[in-house]
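Reading through the structure tokens given below for one structure.
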Amino acid sequence: MPRHTPDDPDRKLLAESGRALLAWYDRNRRELPWRGTKDAWAILVSEVMLQQTTVVAARPYWERFMARWPTPHDLARAERDELLAEWAGLGYYRRAHLLMDTALAVAESHDGALPRTSEKLRELRGVGDYTAAAVASIAHDEPVAAVDGNVERVVSRWRAIGGDPKKSVAKKAIRAAADAWLSQTRPGDHNQAVMELGATICKPRSPDCPRCPLAPSCRARAAGEPQRYPETPPRAKPTPVTKVGILARRPDGRVLLERRSESPNAGFLELPQRVVETTAMPPTAAQISDACNEVASAAGLALTPGVTLTAHKHSITRYRITVWPIETAASTRRRPVAPFAWCRIDDVDQPLTTASKRILTKNAPSLFAS
DNA sequence: AATGCGGGGTC
DNA sequence: GACCCAGCATT
């Protein structure tokens with residue numbers, strides 16, 4: 001028993017809104033390098049990069065990446081460290097590892113090509129529902145809705161869908177609405193259009209409704225408060241974390257770095273640092289001394305803490321991290337034990353975390369002289 | 001300076 | 001479903 005007939009008002013509304021959306025997209029879409037291709041690998045790489053950064057930041061990384069590794073096979077043949085070094089500065093480095101895993105899996109798979117369906121793409125490491133749908137719809141016109149944060153916002157407003165989109169009830173309702181709405185003729189463009197609308201017009205705090213192609217049929221707008229959707233529960237306050245960072249330099253311009261073997265920042269070089277349980281800002285001399293001794297013993301060096309430098313703050317998801325860099329004198333005769341090493345930081349092949357790079361740039365600019 | 005956001009993995 | 005990942009744009 002078909003519930004929809006050709007002149008069902010619902011169906012008509014969806015079709016009209018879809019046309020308005022695509023017409024808007026055709027006039028207003030940003031020209032981006034990965035929008036000129038139907039190559040699934042190029043699109044996958046762009047999607048993975050865009051998961052964690054803005055278009056502006058990701059763009060040069062994507063250009064370099066594609067020039068260097070134009071197919072999954074090219075990446076599969078590369079050293080993991082080369083990828084990490086190329087990814088340095090983009091953040092959320094775990095995704096680089098997952099992309100490497102995917103390249104290796106694809107290179108070893110039957111035909112050595114990326115799967116063509118969203119269902120199969122979904123099985124790759126680092127590829128979830130959103131990314132699988134985005135790649136399949138954009139590269140192969142598979143009619144599957146790609147629902148990211150932008151789409152959640154646009155759809156929940158347009159249809160006035162209440163509830164927390166992170167929870168399954170609202171999530172399902174939003175997905176159902178997005179699926180029903182999806183253009184069957186241009187699914188890839190439709191998906192990109194909704195995301196583009198969310199990024200440029202239907203923004204989280206200040207939606208620009210007068211310029212929105214969906215305004216005539218938008219229920220949240222009709223209700224007068226588009227910002228009320230989607231419903232977002234208050235977040236927990238970030239946990240403060242205090243660290244002591246050991247800044248030890250040699251006269252030859254090398255600096256003591258520690259290579260992380262575990263998450264977070266697995267495979268990356270960092271200033272040796274240790275968490276301190278403290279309320280003192282800066283930490284007390286005893287706490288600094290403890291952290292220093294810990295690093296000294298792990299590295300097999302003698303370290304003597306000196307001046308406490310200006311704190312560096314950065315935050316991630318639910319931690320607010322304060323690092324106190326300590327100018328430290330080191331015994332330079334002995335070779336440090338792995339994973340510690342005296343490193344040149346103007347050596348571009350070394351993957352250095354953004355936080356450590358900033359601390360070093362601020363406190364030891366001469367190390368970047370080259 | 002404080003706030004808000006983001007997709008995927010894992011258990 | 002809760003928590004982790006190890007930043008950045010917006011306000």
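Read-outs throughout are calculated quantities, based only on the coordinates presented, and are distinct from any laboratory measurement. As the structure is a computational prediction, the values presented were derived from the model and not from experiment. Cβ sites come from the backbone with ideal geometry, for glycine too, and all protein chains shown count toward neighbours.
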Summed side-chain charge close to A:T353 - residues other than A:T353 whose Cβ falls under 10 Å, Lys, Arg +1, Asp, Glu -1: +2
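Would you mind working out the magnitude of the charge dipole of the stretch A:1-156 relative to its Cα centre, with +1 at each Lys and Arg C-beta and -1 at each Asp and Glu C-beta, to the nearest 20 Debye? Don't skip to the end; give the middle numbers.
Details: 21 positive and 24 negative charges, 74 e Å.
Around 360 debye, computed over the stretch A:1-156.
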Taking the dipole about the Cα centre of chain A, with the C-beta of Lys and Arg at +1 and of Asp and Glu at -1, give me whichever of A:I246, A:A311, A:V151 is farthest to the positive side. A:A311
Helix-derived mean residue ellipticity, 222 nm - over chain A, DSSP H n ≥ 4, -39500 (n - 2.57), to 500: -13000 deg cm²/dmol
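Could you work out how much longer the chain between A:D252 and A:R29 gets when fully extended? Use 0.36 nm per residue separation minus the Cα distance between them, nm to one decimal.
Values: separation 223, 0.36 × 223 = 80.28 nm, distance 5.12 nm.
The A:D252-A:R29 span can extend by a further 75.2 nm.
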Bounding extents of the stretch A:76-161 in its principal axis frame from Cα atoms, largest first in Å, are 48, 33, 16
Debye calculation, C-alpha points only, no solvent: report log10 I(q)/I(0) for the stretch A:52-126 at q = 0.12, 0.20, 0.23, 0.27 Å⁻¹, in the same order as the q values. -0.33, -0.91, -1.14, -1.34
So what is Rg over Rh here for the stretch A:255-332, counting just Cα atoms and using Kirkwood for Rh? 0.95
In whole percents, the bins of 10 Å from zero upward hold the Cα-Cα pairs of the stretch A:9-228 as 8, 33, 33, 19, 7, 1
Among A:320-326, A:79-85, the order from most to least packed when residues are scored by Cβ within 10 Å on average: A:320-326, A:79-85
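Using the Kirkwood radius over Cα pairs, work out the Stokes-Einstein diffusion coefficient for the stretch A:325-364 at 4 °C and 1.567 mPa s, in µm²/s as a whole number. Before the final figure, lay out the partial values.
On the way: Rh = 11.9 Å.
Rounded, D is 109 µm²/s.
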Using the alpha-carbon atoms, what tilt in degrees (0 to 90, nearest 10) does helix A:129-140 show relative to the longest principal axis of chain A? 60
Does anything in the stretch A:117-156 have its amide N under 20 Å from the 7 Å Cα→Cβ label point of A:R228, and if so which residues? A:152-156
Kindly rank A:128-138, A:68-78 from highest to lowest mean number of other beta carbons found within 10 Å of each residue. A:128-138, A:68-78
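Would you kindly state how much longer the chain becomes between A:T200 and A:S109 on full extension, computed as 0.36 nm times their sequence separation minus their alpha carbon distance, in nm to one decimal?
Values: separation 91, 0.36 × 91 = 32.76 nm, distance 3.92 nm.
Contour length minus Cα-Cα distance gives 28.8 nm.
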For A:V307, placing the label point 7 angstrom along Cα-to-beta-carbon and taking the stretch A:276-290, residues whose amide nitrogen sits under 20 Å are A:281-286, A:288-289
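May I ask you to derive the relative contact order of the stretch A:9-228, considering only C-alpha pairs under 8 Å and at least 6 residues apart, and to give it as an integer percent?
21
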Dipole size in debye (nearest 20) for chain A around its Cα centre, Lys and Arg Cβ +1, Asp and Glu Cβ -1? 1060
Separation of alpha-carbon centers, the stretch A:218-267 and the stretch A:140-159, rounded to whole Å: 26
In nm, the gap between the two label points placed 7 Å beyond Cα toward Cβ at A:L98 and A:T239 is 2.2
Placing +1 on each Lys and Arg Cβ and -1 on each Asp and Glu Cβ in chain A, then taking the dipole about the Cα centre, the residue among A:V276, A:G126, A:L256 whose Cα reaches farthest towards the positive end is A:V276
Principal axis dimensions, the stretch A:245-300 - Cα atoms, whole angstrom, descending: 31, 30, 20
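If you restrict to DSSP beta bridges whose two residues both lie in chain A, what percentage is antiparallel, to the nearest 5? Walk me through the intermediate numbers first.
Values: 20 of 31 bridges.
The antiparallel fraction comes to roughly 65 percent.
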Relative contact order (%) - chain A, alpha-carbon pairs under 8 angstrom, separation at least six: 15
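Would you kindly state how much longer the chain becomes between A:T53 and A:A280 on full extension, computed as 0.36 nm times their sequence separation minus their alpha carbon distance, in nm to one decimal? Provide the component values of the computation, followed by the final result.
Numbers: separation 227, 0.36 × 227 = 81.72 nm, distance 3.41 nm.
Answer, rounded to one decimal: 78.3 nm.
What dipole magnitude, in Debye to the nearest 20, does the stretch A:239-368 give about its Cα centre under +1 on Lys/Arg Cβ and -1 on Asp/Glu Cβ? Intermediate values should be presented prior to the final figure.
On the way: 17 positive and 11 negative charges, 30 e Å.
Using Cβ point charges on Lys, Arg, Asp and Glu, the stretch A:239-368 gives about 140 debye.
Among DSSP beta bridges lying fully in the stretch A:239-368, give the percent that are antiparallel, nearest 5.
Details: 20 of 31 bridges.
About 65 percent, rounded to the nearest 5.
Restricting to Cα pairs below 8 Å that are 6+ residues apart, what does the relative contact order work out to for the stretch A:239-368? Please round to a whole percent.
On the way: 234 pairs, mean separation 43.2, N = 130.
Across the stretch A:239-368, relative contact order equals 33 percent.
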Among the listed pairs A:K38/A:K120; A:K237/A:K313; A:K38/A:K171; A:K120/A:K172; A:K12/A:K172; A:K167/A:K237, which have their C-alpha atoms separated by more than 26 angstrom in this model? A:K38/A:K171
Karplus-derived 3J(HN,Hα) from phi for the stretch A:155-170 (6.51 cos²θ - 1.76 cosθ + 1.60, θ = phi - 60°), whole Hz, x at Gly and Pro, runs 5, 5, 6, 4, 9, 6, 8, x, x, 7, x, 7, 8, 5, 4, 5
Quick one: which residues, 5+ away or cross-chain, put their amide H under 5 Å from the amide H of A:L352? H built at 1.01 Å from N. A:L269
Rg (Å, one decimal) plus Dmax (Å, integer) for the alpha carbons of chain A? 25.0, 84
What whole number of Å gives the distance from the Cα centroid of the stretch A:289-323 to the Cα centroid of the stretch A:39-85? 33
